[in-house]
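I have placed the structure first, in the form of structure tokens, so that the comments after it can refer back to it.
Read-outs: derived from the displayed coordinates by stated rules, not from any lab. Remember, predicted model here, so these are calculated numbers, not experimental data. Cβ coordinates were reconstructed from backbone atoms using ideal geometry, including for glycine residues, and neighbour counts include every protein chain displayed.
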Amino acid sequence: MKLVILERDGTINYDGADFITSAEDWTPLPGALDAIARLNHAGFHVVIATNQPGLGRGLFDVVTLNAIHAKMHKMLAAVGARVDAVFYCPHSPEEHCLCRKPLPGLFEQIGERYGMDLQGVAACGDNADHLLAGAAAGCAPHWVRTGSVAASFSHAVPEGYPPGTVAHADLGAFADALIARAAP
Ligand SMILES: [Zn+2]
């Protein structure tokens, strides 16, 4: 099975200074939804792995998170795209859980759910935590320069990212590169 594991905030949608705490706050980045559609059409299943510490901090609840994701799924469907599932860590850093990235717990959950080894599966995100978690689970790290981290860097992958991290301008560029590589 062809699988891609994406970060959410800063990769698919705009990542503001504050947490995304309502569906109104959730706005896709230019081209991101179409990028997921192209991945789907090329045979990739797409899932999300995201830290949502705002839950643990009580800034929003699961009902609100579900509403945010309902908006996302609806907007994806409108362009013929689909995200299979959203795996999220609901904990604050103080809870010292095993699923908060950069620990690989969410990725391990994904591997278990799909019954597959994640070796070589593309993990794509805008921040080091997503890529470190993915790499720890065997994934290939892909960085997109669309999040808050990117503002201070040009093309080079910043320090502290896993070895072999490949940089892309945005999710569209990542999707095109992955699809080209996977083509027969
Ligand atoms: Zn957690």
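With the charge dipole of the stretch 78-184 set up from +1 on Lys and Arg Cβ and -1 on Asp and Glu Cβ about the Cα centre, the Cα lying farthest toward the positive end among the listed residues 175, 123, 139 is that of 175.
Can you compute the helix-only [θ] at 222 nm over the chain? Use -39500 (n - 2.57) per DSSP H run of at least 4 residues, normalise by all residues, nearest 500 deg cm²/dmol. Please list the in-between numbers first.
Working: 6 runs with 62 residues, N = 184.
Result for the chain, helices only: -10000 deg cm²/dmol.
For the stretch 1-145, a simple Cβ point-charge model (Lys and Arg +1, Asp and Glu -1, everything else neutral) yields a dipole of about 420 debye relative to the Cα centre. Isolated cysteines of the chain, defined as having no other cysteine beta carbon under 4.7 Å away, are 97, 124, 139.
Summing charges over all other residues whose Cβ lies under 11 Å from the Cβ of residue 144, with Lys and Arg as +1 and Asp and Glu as -1, gives -2. Considering only 114, 161, 88, the Gaussian network model of the chain with Cα springs below 10 Å gives its largest mean-square fluctuation to 114. For the chain, modelled as a GNM whose springs connect Cα atoms under 10 angstrom apart, the maximal fluctuation among 87, 44, 19 occurs at 19. Between the amide H of residue 161 and any residue lying 5 or more places away or on another chain, no distance stays under 5 Å, with hydrogens modeled in the peptide plane.
Put in line by how crowded their Cβ is, counting other Cβ atoms within 10 Å and starting with the fewest, 116, 75 read 116, 75. Put simply, the amide H of residue 50, placed in the peptide plane, has neighbours under 5 Å in 87, 88, 89, leaving out anything fewer than 5 places away on its chain.
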